[in-house]
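The values are calculated or read from the model by the stated rules, or taken from the named source; none is laboratory data. In this text, all values refer to a predicted model and were calculated from it rather than measured experimentally. So basically every Cβ, Gly included, is an ideal-geometry build from the backbone, and we count neighbours across all protein chains shown.
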């Protein structure tokens, strides 16, 4: 395998490949007279250049399937069958597909919502796993080449680091256009003015909160068992939810703390200009913000291509791709974050026992449809009863009409006979005279 210790070496290889495969040699032509059309970043020949750099580590990438659909990539973090992927894309019981085509039903070890990660386990050992750095230093800097492998021989995508890994405090987390698929509470929140919680300053008529009985002035303390002490925290938690999901919320009203279960609604459709422009570069991830730490790069990834590892040209794992965030932005969770979370996953800190978002939404959909069918049956029964009542009234009216006709006919015949008798009487009187 040809190895390169510097990006410049890889660049020379690329130059040589271009000169051999895409036109006359750049070294033998005058720059003023030569125009070389370089391949795009998604060109197979371009991607093939980076194949040797990840040949040994690419098998650490797997595919995640739900209901037969490829929803994400996964990263093998332990040879004993432990895989990490993007949690919000896994809405149903997952399967894992390996490079050789084998598929395994996966056990959900846990879900860590803040970083949108899910750990899965399959009954295999001796898998190829990513290697963790031996020091705490972050391995990526702006301008560094990064490679995202798929299950094919060539890399899935190649790019460069746009912004080195950075950490945010809760109030400075990026607040990008909210995904239309996140759950919707229907409230406007502000500072509570107290030691904890956020105050509801406004409510959307007919929204999930109003339907459940919440009021303006209520102070939300926790949602999904997470403390809420600032409006930003509420926003970021809601980014991890889905329409139809039932969340438990604790709140304070008139000094009394109560608990409430709320079935979240669907976020109203809005298309801010920035979001439209971002989507011109392709579909964006549903969850693409509110990550405590990110590494930003310009690789072109689809939402279902997130969850896999991100490598440099030496095969070092820099992190896990977590979101397609914009037209020229993809996000990865830095490897330092993964190093800290993997043992916590294995220790059961994020154990998950409940249903997945898709299962929750499906149950809510079935429940809503069952209610609609029940209401439809009631309306049908009421209509049938009205028809029967109307039919009975019609039958009675028809009988009355027939009786009236019969009576009329009888009276007409009686009148005719009476007139005939009257005529006879008059005639007899006339004959006597």
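List the number of the failed condition for residue 42; all other conditions in (1) under 30 Å from residue 233 (Cβ atoms); (2) assigned to a loop (DSSP other than H, G, I, E, B); (3) modelled with pLDDT under 90 hold.
(1)
What is the residue count in the range 208-244 for residues that are crowded, with 17+ Cβ neighbours inside 10 Å and on the phi > 0 side of the Ramachandran plot?
Here the count works out to 1.
Given the range 202-275, what strands (runs of 3 or more DSSP E) lie entirely inside it while holding 1 or more residues that are out of contact with any strand residue (DSSP E or B) (no Cβ under 6 Å at 6 or more places or on another chain)? Please lay out each step first, then the result.
Values: elements: 219-223, 246-253, 256-263.
The qualifying strands (runs of 3 or more DSSP E) are 246-253, 256-263.
Tally up the residues in the range 245-256 that are surrounded by fewer than 20 Cβ atoms within 10 Å (Cβ to Cβ), farther than 23 Å from residue 288 by Cα and touching a residue at least 40 places away in the same chain (Cβ under 8 Å), please.
Residues in the range 245-256 being surrounded by fewer than 20 Cβ atoms within 10 Å (Cβ to Cβ), farther than 23 Å from residue 288 by Cα and touching a residue at least 40 places away in the same chain (Cβ under 8 Å): 1 in total.
Taking residue 361 as meeting all but one of (1) without any contact (Cβ under 8 Å) to a residue 12 or more places away in the chain; (2) assigned to a helix (DSSP H, G or I); (3) surrounded by 11 or more Cβ atoms within 10 Å (Cβ to Cβ), write down the number of the exception.
Of (1) without any contact (Cβ under 8 Å) to a residue 12 or more places away in the chain; (2) assigned to a helix (DSSP H, G or I); (3) surrounded by 11 or more Cβ atoms within 10 Å (Cβ to Cβ), only one is false for residue 361: (1).
Go through the range 290-311 and give me each residue that's closer than 17 Å to residue 239 by Cβ and assigned to a strand (DSSP E or B).
At the first step, the residues of the range 290-311 found to be closer than 17 Å to residue 239 by Cβ are 290-294, 303, 306.
Correct list: 293, 294.
Out of the range 312-354, which residues are within 11 Å of residue 132 (Cβ to Cβ), touching a strand residue (DSSP E or B) at 6+ places or on another chain (Cβ under 8 Å) and in a loop (DSSP other than H, G, I, E, B)?
Result: no residue meets the conditions.
Within the range 118-137, is there a residue that is more than 16 Å from residue 337 (Cβ to Cβ) and outside any loop (DSSP other than H, G, I, E, B)?
Checking the range 118-137: at least one residue is more than 16 Å from residue 337 (Cβ to Cβ) and outside any loop (DSSP other than H, G, I, E, B).
Could you check residue 357 against (1) within 28 Å of residue 67 (Cβ to Cβ); (2) touching a helix residue (DSSP H, G or I) at 6+ places or on another chain (Cβ under 6 Å) and say which number it fails?
Result: residue 357 fails condition (2) only.
Tell me which of these residue 100 doesn't satisfy, since it passes every other one: (1) in a loop (DSSP other than H, G, I, E, B); (2) under 30 Å from residue 333 (Cβ atoms); (3) modelled with pLDDT under 80.
The failed condition is (3).
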